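Bear in mind these aren't lab numbers, they're just calculated from the coordinates by the rules spelled out. Note that the structure is predicted; figures quoted are calculated from it, not measured. With ideal geometry, Cβ positions are generated from the backbone for all residues, glycine too; neighbour counts draw on all protein chains shown.
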Amino acid sequence: MVSSQIHPALSNQNPKSLKKESSKKVEVEAWYANAVFVIFMHVVALISLIAYTPTSKTLWLAAILFQLGTCGITVGYHRLWSHRAFTARGPLRFALGIWGTLAFQGSIKWWVLRHRLHHRFTDTDHDPYSAAKGLWFSHIGWIFSKPYYPRLKSVDASDLNADPVVVFQHKYYVPLALFTGLVLPTMVASLWGDALGGLLYAGVVGRIVIWHCTFCINSLAHYTGDQVYSTEISARGNLFLAFITNGEGYHNFHHEFPKDYRNGYRVFDWDPSKWFILFFYTFTNQVTSMFKVPDNEVKKAKANIELYKAQKTREQCDWGADPKSLPTITYNEFQSKVKDEGREWMLIDEFVLDVKEFKTAHPGGEKILKAYYGKDSTKAFYGGLNNHTKSARLMLAMLRIAKIDRLEKISH
């Protein structure tokens, strides 16, 4: 039987290998083309919200395209291609690849390589959107700088290069994205006479919303929330973020177990992306396998964190004086102090307890305590008069002021 222990990682520090920053200082160069495009999209979206009111059908179209684009990112780019959390047949892979273009977040290959790098070097200089550089940078600031990722070449891309859907989408990404993200919503909305609304709301505004929902995982999911499975890195679990990203908000679990097809581990965790994969696995032939981390590994991770947090709580508590630091007195001295000086002392487990300040708080009343002043009340404490609770036994340590010389006590 292997004994359980707290893993060294529970020191709440990253492994030294992850903390090492690149020794080569690189001057960050602005990515002007990207910045102009992103700013332009935001300006158009803002003007649209102020100056134009779309039809209800157009808003429904925007919502549908948002869901498809989000699904393309969370189920496709993220869980299928980045982490290979499940396997899928060609038709579903193609659909997810096309839906992903709706998000305007780059091609599958571009997105996946950076995401794999993010998982390898989370919170370091090699993390493309490192939370250690602040909320602004991790949310959107990173896309305003020309990428310099010296360790990107170490990320395996063989599976991506061998995937015909990835290769096709990467080659034709720009025209595909412009068509699905801007042209298509314009054409569809024109069917009910709101082509401009389709372009502005189902197109531009919709792309902005998907951007920021996804970017919140890079920023807020590393800033606020719980850490149930790991405190080693900044990733956190956040229910609100799970709602706006179809389940990606359980980020602490995801970073600890990235290959699991679930981000929401528990059955009732809000994770539509998980349900999407499970549905296609159960009722179609499009998802052929799903990876689930063994429950035992999840339990161990949670247990280690609970132990770590318990240790932190213990460190904040006063557990009384260290027995080794207490002075030693004789049994005669103990009795003399009570008899001649009126000390309100009693003896339990060979420790002298001063109950003067505690007596009024004693649940059994002062009278019982006074009957044992100057006496050894060990037997009475441990069941003779009362079976005291664990908390009562811990309280004894707070009352200790000295210890009795054992050999001298035996002689009595």
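The region of the chain that goes longest without hitting one of the GluC sites (Glu not before Pro) in a DSSP loop, each with at most 13 other Cβ atoms within 10 Å, is 30-356. Applying the Kirkwood pairwise sum to the alpha-carbon positions of the chain produces a hydrodynamic radius of 26.1 angstrom. Between segment 169-193 and segment 38-74, how far is it from one alpha carbon centroid to the other, in angstrom? Cα centres, segment 169-193 to segment 38-74: 13 Å. Distance cut-off 23 Å, Cα to Cα: go down the list LYS146/LYS171; LYS292/LYS312; LYS171/LYS259 and report the pairs above it. Over 23 Å Cα-Cα: LYS292/LYS312; LYS171/LYS259. Taking every DSSP bridge with both residues inside segment 323-410, close to 75 percent are antiparallel. Helix 32-51 and the longest principal axis of the C-alpha atoms of the chain enclose an angle of approximately 90°. So which aspartates and glutamates pass the test for LYS57, namely a Cα distance under 17 Å, with those fewer than 8 places away in the same chain ruled out? Cα-Cα hits under 17 Å: ASP194. Exactly which trypsin sites (Lys or Arg not before Pro) in segment 285-314 are in a DSSP loop and have at most 15 other Cβ atoms within 10 Å? In loop regions of segment 285-314 (DSSP not H, G, I, E or B), the sparsely surrounded trypsin sites (Lys or Arg not before Pro) are LYS292. Across VAL167, VAL338, VAL38, mean-square fluctuation computed from a Gaussian network of the chain (C-alpha pairs under 10 Å connected) peaks at VAL338. Note that segment 359-368 has calculated 3J(HN,Hα) couplings of 3, 6, 8, 5, x, x, x, 6, 4, 5 Hz, one per residue in order, obtained from phi through the Karplus relation 6.51 cos²θ - 1.76 cosθ + 1.60 (θ = phi - 60°); glycine and proline are x.
When the inverse distances between all different Cα atoms of segment 125-213 are averaged and flipped, the Kirkwood radius reads 16.0 angstrom. Cβ-to-Cβ counts within 10 Å put TRP192, TRP142 in ascending order as TRP192, TRP142, the fewest first. Couplings 3J(HN,Hα) of segment 194-203, computed from phi: 10, 4, 5, x, x, 5, 6, 8, 6, x Hz, in residue order, whole Hz [Karplus 6.51 cos²θ - 1.76 cosθ + 1.60, θ = phi - 60°; x for Gly and Pro]. Here is the list for segment 327-369: chymotrypsin sites (Phe, Trp or Tyr not before Pro) lying in DSSP coil, each with at most 16 other C-beta atoms within 10 angstrom of its C-beta, are PHE358.
When TYR308, TYR77, TYR382 are arranged by Cβ crowding within 10 Å, least crowded first, meaning fewest neighbours, the order is TYR382, TYR308, TYR77.
Picking from LEU199, PHE253, ALA189, whose Cα lies most toward the positive end of the charge dipole for the chain (charges on Cβ: Lys, Arg +1; Asp, Glu -1)? Positive-end residue among those listed: PHE253. By the count of other C-beta atoms within 10 Å, a proxy for reagent exposure, ILE348, ILE210, ILE39, ILE368 are ordered fewest to most as ILE39, ILE368, ILE348, ILE210. Each Cα pair under 8 Å and six or more residues apart adds its separation to the average, and for segment 331-412 the resulting relative contact order is 38 percent. Within straight cross-link reach of LYS359, meaning Cα distance under 16 Å, which aspartates and glutamates are found once same-chain residues fewer than 8 apart are removed? Partners within reach: GLU344. The aspartates and glutamates whose alpha-carbon is closer than 12 Å to the alpha-carbon of LYS133, local same-chain residues fewer than 8 away aside, are ASP123, ASP125. Across segment 66-147, counting alpha-carbon atoms alone, Rg and Dmax equal 13.5, 40 Å.
Taking amide H atoms as placed 1.01 Å from N in the peptide plane, the amide H of ARG343 lies under 5 Å from those of VAL338, each 5 or more residues away in sequence or on another chain.
Three principal axis extents describe the C-alpha atoms of segment 323-410; from largest down they are 31, 26, 22 Å.
For VAL228, what residues show an amide H to amide H distance below 5 Å, using hydrogens built from the backbone and excluding near sequence neighbours? Placed amide hydrogens put GLY237 under 5 Å from VAL228. Between LEU96, LEU160, LEU347, which gets the highest mean-square fluctuation from a Gaussian network model of the chain, Cα cutoff 10 Å? Result: LEU347 has the largest fluctuation of those listed. Relative contact order of segment 95-245: 25 percent, from C-alpha pairs under 8 Å at least 6 residues apart in sequence.
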